[in-house]
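Take a look at the structure below.
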Amino acid sequence: MPSLSARGIQMPSSPIRKLAPLADAAKCEGVKVYHLNIGQPDLPTPQKGLDALKAITRTTLEYSPSDGFLSLRTKFSGYYKRFGLEVGPEEMIVTTGGSEAILFSFIACLNPGDEVIMVEPGYANYISFAQTAGVVVKTVTSTIENGFALPPVEAFEEAVTPRTKAILLCNPSNPTGYVYTPEELQQIKETVVKHDLFLFSDEVYREFNYSGKPYVSALSLGIPEHVVVIDSVSKRYSECGIRIGMVVTHNKQVRSTIMKYCQARLSPPLLGQIVAEASIDGTEDYARACFEEYKARRDFFIKGLNAIPGVCSPMPQGAFYTVVSLPVADAEDFCRWLLTDFRQNGETVMMAPAAGFYSTPGLGTNQVRMAYVLRIEDLARSLELLRAALEQYKSR
């Protein structure tokens, strides 16, 4: 047969989804799997969004404008004002999820062979998008010992080369839940300006900031020509399936270049835009309730994790993830074994091996990423299963 592309072969598998066939096989056996591996919120979508979907009266499901409906972008402009950010509808481009926003930002701003600096552990799909765009990922490493705080500015300076074109942050962080402080962001700003870089800031979890301090967006750093923000409604409104994201930037050249790719793919999802637009206004109580629920889950789950012998998790300050150190040598082997061999009363638990969130070989091999997106009673059962599994795995 004809040979495949080198970049297709080199594309890494998702650490979040690559064990899914094992989970599916377990379910076919009648096993109940508690999914801590993926950030799929279980909270209901705003009723306003669901009602808008049910009330569609269109007789033709048409293309939308390549940058998304103006009415949706106008609603988002009002949303940003709640955070003290002045962003006009013309400074936003609606994309097919935050994923397309990241990919289009890479290919619009970076040439093949250019380098982007990101913090590891980081969202694994960043590496896949970089691979697709021909971009080289350079990493600075955060550690579990200090709660995955931003590495010192010297680490970023050491990573800069003549090919460096951008720094990528996720704030709050997926997978660690860390929220960057104003002081840390100021250090990043100085590095960005010093080396004339783009700052890609993935801010899809901004609603989930448990630090007790106001959220600081990269848009407020005073470097408008450098900043490209990635946004999405997926987690904010429990609307992962409608695939509505955004690129937000004051940089007109970046927007006009991204629009070429948007025109080539024609249109962002029509039905998704209708649902997203209906979900923005009048859902402040919904957002507050979601925040309180995830915070309660975080407090319960992290306390339970750290009560298991040999398990260590920092307290996440945002999002709904945590990277956890386990008393095992090979977390991926443990995660596979959980799905293929471990059963307690017909139940098991699924987690994402954390090595896939690192670029540096050998890092994160004893860590997993967990998403506390289940009800507290299900999180409690997951903790019971994890404790029992670790004891059984160690005595094999």
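The values are calculated or read from the model by the stated rules, or taken from the named source; none is laboratory data. Here the structure is a predicted model, which means the values were calculated and not measured. We place every Cβ from the backbone using ideal geometry, glycine too, and count neighbours over all the protein chains shown. These area figures cover heavy atoms from the full protein model, side chains too; ligands, DNA and RNA do not enter into them. Shrake-Rupley method; radii C 1.70, N 1.55, O 1.52, S 1.80 Å.
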- Item | Nearest-ten-degree value, helix 182-195 long axis tilted from longest Cα axis of the chain | 60
- Task: Check the straight Cα-Cα distances from K75 and name the aspartates and glutamates below 16 Å, setting aside those fewer than 8 residues away within the same chain.
- Result: D67, E86, E90, E91, D231, E277, D281, E284
- Message: I'd like the orientation of helix 284-306 relative to the chain: the angle between its Cα long axis and the longest Cα principal axis, in ° from 0 to 90, rounded to 10.
- Response: 30
- Query: Do any GluC sites (Glu not before Pro) in segment 20-99 lie in a DSSP loop with no more than 14 other beta carbon atoms within 10 Å, and if so, which?
  - Reply: E29, E62, E86
- Task: Using a 1.4 Å probe and ignoring any ligands, DNA or RNA, find the accessible area of E145 and quote it in Å² to the nearest 10.
- Result: 150
- Item | Whole-Hz couplings from phi, Karplus 6.51/-1.76/1.60, listed for segment 232-240; x for Gly and Pro | 6, 8, 3, 8, 4, 10, 6, 10, 4
- Task: Taking only protein heavy atoms into account and a 1.4 Å probe, give the accessible area per residue of the chain in Å².
- Result: 42
- Item | Helix-only CD estimate at 222 nm, as mean residue ellipticity for the chain, using -39500 (n - 2.57) per DSSP H run (n ≥ 4) | -12000 deg cm²/dmol
- Spacing of the two label points (7 Å from each Cα toward its C-beta) at M1 and F83, in nm: 4.4
- Message: Please report the spacing between the Cα centers of segment 1-27 and segment 60-104 in Å, no decimals.
- Response: 32
- Could you go through segment 347-362 in sequence order and give the Karplus-derived ³J(HN,Hα) for each residue, using 6.51 cos²θ - 1.76 cosθ + 1.60 with θ = phi - 60°, rounded to whole Hz, and x for Gly and Pro? 9, 8, 10, 10, 9, 9, x, 7, 4, x, 9, 10, 8, 6, x, x
- Message: Show me the trypsin sites (Lys or Arg not before Pro) within segment 31-122 that DSSP assigns to loop and that have at most 14 other Cβ atoms within 10 Å of their Cβ.
- Response: R58, R82
- Note on the structure: With label points set 7 Å from each Cα along the Cα-to-Cβ direction at T181 and E154, the distance between them in nm comes to 1.8
- Task: Can you check what the net charge comes to around A159, using other residues whose Cβ is under 12 Å from the Cβ of A159 (Lys, Arg +1; Asp, Glu -1)?
- Result: -3
- Note on the structure: Whole-percent carbon and sulfur contribution to the accessible surface of the chain (1.4 Å, no ligands, DNA or RNA) stands at 54
- Message: So for segment 326-396, considering every pair of alpha-carbon atoms, how many percent are separated by more than 17 Å?
- Response: 42
- Note the full-extension length gain between D299 and Q344 as 0.36 nm times their separation in residues minus their Cα-Cα distance, in nm to one decimal. 13.7 nm
- Please identify every one of the chymotrypsin sites (Phe, Trp or Tyr not before Pro) in segment 34-115 that sits in a loop by DSSP and has no more than 10 other beta carbons within 10 Å of its own beta carbon. Y63
- Message: Rolling a 1.4 angstrom probe over the protein chains, ignoring ligands and nucleic acids, what is the accessible area of H226 in square angstrom, nearest 10?
- Response: 30
- Query: With each label point set 7 Å from Cα along the Cα-Cβ vector, what nm distance links N306 and D330?
  - Reply: 3.1
- Query: How about K138: which lysines have a C-alpha closer than 20 Å to its C-alpha, ignoring those fewer than 8 places off in the same chain?
  - Reply: K165, K189, K194
- Message: Could you work out how much longer the chain between L61 and M11 gets when fully extended? Use 0.36 nm per residue separation minus the Cα distance between them, nm to one decimal.
- Response: 14.6 nm
- Quick one: angle between helix 270-280 and the longest Cα principal axis of the chain, in degrees between 0 and 90, rounded to 10, please. 80
- Task: Report the local net charge at G98: Lys and Arg +1, Asp and Glu -1, summed over other residues whose C-beta lies under 10 Å from its C-beta.
- Result: -2
- Message: Could you tell me the relative contact order of segment 109-183? Use alpha-carbon pairs under 8 Å, at least six residues apart, and round to a whole percent.
- Response: 39
- Message: Rolling a 1.4 angstrom probe over the protein chains, ignoring ligands and nucleic acids, what is the accessible area of F300 in square angstrom, nearest 10?
- Response: 80
- Under 12 Å from the Cβ of S232, count the other residues' Cβ atoms, weight Lys and Arg +1, Asp and Glu -1, and hand me the total. -2
- Message: Ignoring solvent entirely, what values of log10 I(q)/I(0) come out of the Debye formula for the chain at 0.12 Å⁻¹ when each Cα is a single scatterer?
- Response: -0.98
